[in-house]
Amino acid sequence: ARSRSLANDDDEFLRRILDYIDERLPEQPTREEIAHYVHFHPAYLSRYFRKKTGWSLSEYIVRQRIEYAKELLTRSELRISHVMSRLGYDNLSHFTRTFKKWTGVTPMQFRKKIH
């Protein structure tokens, strides 16, 4: 799902961070948990991540959750409330607002557009 080119050994840390986030999307991993996993100081992790990706950690996590939601809406007949809870959202209006902010449409509009 991600498109990135990894050039040097330093990017092994980035790969580990991205994999950690992807594996734990529904739990919304915190900066502290991710930093602990790769043995970085949380503030350093934030700077490192932005330098490598151009995204803040929180923006990236939200973006990945929305990409996963789009995948579930496209490939499954799951109800939107089930898609939302699979991603760790517990508030439908918050999920809908976030989805629309990133995609320009609501989850329901997105699903109608693709079917």
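The values are calculated or read from the model by the stated rules, or taken from the named source; none is laboratory data. Keep in mind it's a predicted model, so treat the numbers as computed, not measured. Cβ coordinates were reconstructed from backbone atoms using ideal geometry, including for glycine residues, and neighbour counts include every protein chain displayed. Ligands, DNA and RNA are stripped out before the accessible areas are found, and what is left, the full protein with its side chains, is counted by its heavy atoms. Shrake-Rupley method; radii C 1.70, N 1.55, O 1.52, S 1.80 Å.
Assorted remarks:
- Criterion violated by Arg65 - all others in (1) part of a helix (DSSP H, G or I); (2) out of contact with any Leu (no Cβ under 9 Å at 6 or more places or on another chain) satisfied: (2)
- With respect to the conditions (1) buried (at least 16 other Cβ atoms within 10 Å of the Cβ); (2) free of Cβ contacts under 8 Å to residues at least 24 places away in the same chain; (3) of a type in the set (D, E, K, R), Arg65 lacks only one, and its number is (2).
- Scanning segment 92-115 for residues that are aromatic (Phe, Trp, Tyr) and over 15 Å from the mean Cα position of the chain (by Cα) returns a single hit, Phe110.
- Considering segment 83-97, and only residues there that are touching a helix residue (DSSP H, G or I) at 6+ places or on another chain (Cβ under 9 Å) and either more than 25 Å from Leu18 (Cα to Cα) or hydrophobic (A, V, I, L, M, F, W, C) (or both), the residue that is most open to solvent (accessible area, probe 1.4 Å) turns out to be Leu92.
- Residue tally, condition over 14 Å from the mean Cα position of the chain (by Cα), loosely packed, with under 13 Cβ neighbours inside 10 Å and in a helix (DSSP H, G or I), over segment 9-35: 3
- Of the numbered criteria (1) open to solvent by 90 Å² or more (accessible area, probe 1.4 Å); (2) within 29 Å of Asp11 (Cβ to Cβ); (3) at pLDDT 95 or above, the one Lys100 fails is (2).
- Selection within segment 71-82 - assigned to a helix (DSSP H, G or I) and either open to solvent by 40 Å² or more (accessible area, probe 1.4 Å) or over 14 Å from Leu25 (Cβ atoms) (or both): Glu71, Leu73, Thr74, Arg75, Ile80, Ser81, His82
- Conditions (1) at pLDDT 95 or above; (2) open to solvent by less than 70 Å² (accessible area, probe 1.4 Å); (3) assigned to a helix (DSSP H, G or I); (4) in contact with a helix residue (DSSP H, G or I) (Cβ under 9 Å, 6 or more places away or on another chain); number of the one not met by Tyr44: (2)
- In summary, Ser85 fulfils each of the numbered conditions (1) farther than 19 Å from Thr30 by Cα; (2) modelled with pLDDT under 95; (3) in a helix (DSSP H, G or I) with the single exception of condition (1).
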